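Read the structure below first, then the notes.
The values are calculated or read from the model by the stated rules, or taken from the named source; none is laboratory data. Just so it is clear, the model here is predicted, and its values are computed rather than measured. Note: ideal-geometry Cβ built from the backbone for every residue, glycine included; neighbour counts use all protein chains shown.
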Amino acid sequence: MKKKDFVTLLLSVVGGLLFSIGMCMALIPEWDAFTPGVIVCAVGVVVLLVMWIIHRKMSGKAAIAFSGKTIATILYGIFSTLVFGAGMCMIMVWNIMVWGIVVGVVGIILLLFLIPICKGLK
């Protein structure tokens with residue numbers, strides 16, 4: 001295993017665990033730890049962003065140039081993720097099963113469209 005892959009693996013696991021534990025802390029009412037959960041989740045996101053930057057640097061890739069297409073793709077990804085998350089909230093929090101499934105599937109379809117947007121069709 002190459003050094004960059006090991007570092008990426010290690011930071012991905014740590015960041016993913018912090019993010020998921022923070023989400024659980026914030027969203028499970030029995031834990032009563034919303035504010036600490038948000039903080040732990042934010043630390044997880046920061047670790048994942050640092051991992052991404054370190055991986056690009058260790059791979060010898062240049063920093064990403066932010067063009068109009070890059071910003072539009074990022075905004076589309078955020079919107080798609082929010083639609084998917086709204087569907088999950090409709091099911092798990094608000095007990096709106098049928099519409100939650102519909103909104104969740106629409107979110108999944110929107111997220112799947114990110115593949116041709118990022119990679120292109122050949």
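Annotations
Matching residues to (1) under 14 Å from the mean Cα position of the chain (by Cα); (2) more than 21 Å from Cys89 (Cα to Cα); (3) not assigned by TED's automatic domain parsing to the domain that holds Trp94:
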{"residue": "Thr8", "(1), (2), (3)": "no, yes, yes"}
{"residue": "Val14", "(1), (2), (3)": "no, yes, yes"}
{"residue": "Phe19", "(1), (2), (3)": "yes, no, yes"}
{"residue": "Cys24", "(1), (2), (3)": "no, no, yes"}
{"residue": "Glu30", "(1), (2), (3)": "no, no, yes"}
{"residue": "Ala33", "(1), (2), (3)": "no, no, yes"}
{"residue": "Leu48", "(1), (2), (3)": "yes, yes, yes"}
{"residue": "Met51", "(1), (2), (3)": "yes, yes, yes"}
{"residue": "Ile54", "(1), (2), (3)": "no, yes, yes"}
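- Selected residue (only one of Lys61, Lys57, Lys4 is assigned to a loop (DSSP other than H, G, I, E, B) and within 30 Å of Ile117 (Cα to Cα)): Lys61
- On inspection, Val105 fails the criterion of being of a type outside the set (Ser, Thr, Tyr), touching a Leu at 6+ places or on another chain (Cβ under 8 Å) and either part of a helix (DSSP H, G or I) or loosely packed, with under 13 Cβ neighbours inside 10 Å (or both).
- Restricting attention to the stretch 108-122, the residues that are in contact (Cβ under 8 Å) with a residue 12 or more places away in the chain and not in a helix (DSSP H, G or I) add up to 1.
- Contacts under 7 angstrom Cβ, first residue in the stretch 41-62 being surrounded by 13 or more Cβ atoms within 10 Å (Cβ to Cβ), partner part of a helix (DSSP H, G or I) and of a type in the set (Lys, Arg), 6 or more apart: His55/Lys4; Met58/Lys4
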